[in-house]
Amino acid sequence: MKTKKFGTSTLAIHGDLKDKQFRSVVYPIYQTSTFAVEKSDDYQKFIDEVEDFYIYSRYGNPTVKEVEKRLALIENAEDSILFSSGMSAITTTILSYVQSGDEIISLSSIYGVTYRFFRDYLPNFGVKVKFVELENIDEIEKLITARTKLIYFETPVNPTTRIIDIEKVVKLAKRENLTTIIDNTFATPINQNPLDLGVDIVLHSATKYLSGHSDLILGCVMSSRERIERIRKFKNVFGGNPDPHQAFLLGRSLKTLELRVKRQNENALQLAEFLSSHRKVRKVFYPGLSTHPEHELAKRQMRGFGGMLSFEIDGDIERAKKFCDSLKVALNATSLGSVETLVSIPVLTSHVKMSRDELEKVGISESMVRVSVGIENIEDILWDFEQALDSI
Ligand SMILES: *Cc1c(COP(=O)(O)O)cnc(C)c1O
C-alpha cells in the first residue's frame, strides 16, 4: 500500500499527519500563540530546525502544518506554506525572490491587487516590472534582460477566461534561467497542476476554491522544499502567518474540494451552453465552449474547464446591473470559488480602475457579467438566470 499513488480526494482527506496523542479522526486546533519547552536547552532543537518542534505560532503551528502538508499533496509539491491571505502569499513570495535592481516580467491581465503591487509598490524597492499583454505573450523573450529574475502569470485569465500555454512559458523561462510563478486560484489543483508542467512556484488565494465557503481569507504557496524554506524565512519576519482556526476551516474544506470543483465544472458548462443560445446574450467566455479561442489548449492543459465564466449582455451597463439585481438565487458579490453562485460586473468591481482603452485592449465590455458558478442544483441556477434575463 505504501507505494500506491493515491487520488486527490484521498490525499486531501487523509494527508499524512495524524493526531498521535488521542488518535482523533479530525486533527485538533492548536489555538495557541506560544509553546512551552520542558527544559531551557530545548530551544536548541528549534535552532537545529527539528521538524514538528514548535515555539511560537508566527514560525509554525501544528494545525497549520497539518493543512500545509495536505495542500502540498494536492498540488504534487514537496512542500507548502500557508499565509494569512492570498496577497500576503503573493507579496512575501515575490519579495523573497527579488532585490533592488532586479526585473520581473508579468502578464498584464492578473488579479488587480497583484497588478497594483507590481505597478505602484515594487518600483519603490528598486524592482522594475515589465508587463506583457496576453496578445503578445509570445514576445516575452524580447523583454528579458540580464536583470530579469521572474516570470509571473495566471491562467485562466480573469474575467475573459483566456488560457495561457503554461508549457510554452516554462520552456522559455528554463532556457533563460528564470523562475516561474503562477497564480492557480482560478483553475484549482483539481483542474490544473502547474508544477507538473514545469512551473517553479504555484500560489493560491485559498479564500476562493480551496476554502470554498466564503467564510475565510487565506493564501498558500506550493513548491520544492528548498523554495518553501526560503519563503518561510521571509514569512517569519514579515508575519503573514495564518490563524489556526482559519487554517482548520481550510483543512475541513479541502476534504470536499474535488467534489465541489467537479460539480462547479459541470454546472459552469451547462450554464455556459444555456447562455450561448440566449437571445439577450451577445457573447459567452468559457474555456469549455468550442467557440473559446483557446478551447483546444484548455482541453490539453486542464482536466476540467473550471467554474468561472463571463458573458456579455446585449445592451449597456444599466441592463447588466438590472440583470444582476434581478437574480433570486445567485448573489451579487465580489470574490469567487464558493458553494454559492456569485455574479459581479468587472467594470464596477475587479476592473474599476481601468480606462476605457485598457478595458477594450483586454476584451472587457461594460455589459460583461462574471459568474462564479456554485454547487446549487443546476436547474435552479438555469431558472434563476432565465428569469433575470427575462426581466431586462
Ligand atoms: C482573490 C485573489 C487574490 C488575492 O487573495 P486574497 O485572499 O483576497 O488576499 C489573488 N489572486 C487571485 C486570482 C484572486 O482571485
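The values are calculated or read from the model by the stated rules, or taken from the named source; none is laboratory data. What you see is a predicted model, and the numbers here were worked out from it, not measured in a lab. For neighbour counting, all protein chains shown are included, and Cβ atoms are generated from backbone atoms with ideal geometry for every residue, glycine included. Just the protein is used for accessible areas: all its heavy atoms, side chains included, with ligands, DNA and RNA removed. Shrake-Rupley method; radii C 1.70, N 1.55, O 1.52, S 1.80 Å.
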- The percentage of the accessible area of the chain (probe 1.4 Å, all protein chains present) made up of carbon and sulfur atoms, to the nearest whole number, is 50
- Item | Sparse-neighbour loop sites [GluC sites (Glu not before Pro); the stretch 1-96; at most 16 other C-beta within 10 Å; DSSP] | E38, E49, E51, E78
- Averaged per residue, what accessible surface does the stretch 8-254 expose to a 1.4 Å probe, in Å²? 45
- Message: On C-alpha positions alone, give me the angle between the axis of helix 244-254 and the longest principal axis of the chain, in degrees, nearest 10.
- Response: 60
- Query: When every alpha-carbon pair in the stretch 212-266 is counted, what percent end up more than 16 Å apart?
  - Reply: 57
- Message: Only bridges whose two residues both fall in the chain count here: according to DSSP, what percent of them are antiparallel, nearest 5?
- Response: 55
- Message: Relative to 2.2 N^0.38 Å, what does the C-alpha radius of gyration of the stretch 241-289 come to as a ratio? Two decimals please.
- Response: 1.73
- Quotient of Cα Rg and 2.2 N^0.38 Å for the chain, N being how many residues it contains: 1.01
- Go ahead and estimate [θ] at 222 nm for the chain from helices alone: -39,500 (n - 2.57) per DSSP H run with n ≥ 4, summed, over the residue count, rounded to 500. -10000 deg cm²/dmol
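For the stretch 257-390, what is the accessible area per residue in Å² when the probe is 1.4 Å?
47
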- Message: Just to confirm the number: angle between the C-alpha axis of helix 62-74 and the first principal axis of the chain, 0 to 90 degrees, nearest 10?
- Response: 50
- Could you tell me the accessible area of F238 in Å² (1.4 Å probe, neighbours in place), rounded to the nearest ten? 110
- Task: Give the relative contact order (percent, whole number) for the stretch 8-254; include only Cα pairs under 8 Å separated by 6+ residues.
- Result: 25
- Note on the structure: Candidate cut points under trypsin sites (Lys or Arg not before Pro) in the stretch 25-126, DSSP loop plus at most 11 other Cβ atoms within 10 Å of their own Cβ, are K39
- Query: Going by alpha carbons, how many degrees (0 to 90, nearest 10) lie between the helix axis of 317-326 and the longest principal axis of the chain?
  - Reply: 70
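Of K45/K65; K65/K235; K208/K255; K5/K233, which ones are farther than 20 Å apart at the Cα?
From K45/K65; K65/K235; K208/K255; K5/K233, over 20 Å: K5/K233.
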- Item | Calculated on alpha-carbon atoms, Rg and Dmax of the stretch 1-152 in Å | 20.5, 61
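Quick one: ranking V347, V25 by accessible area, 1.4 Å probe, largest first, what do you get?
In descending accessible area the options line up as V25, V347.
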- Query: When the dipole is taken about the Cα centre of the chain, and only Lys, Arg (+1) and Asp, Glu (-1) are charged at their Cβ, what size is it in debye, to the nearest 20?
  - Reply: 520
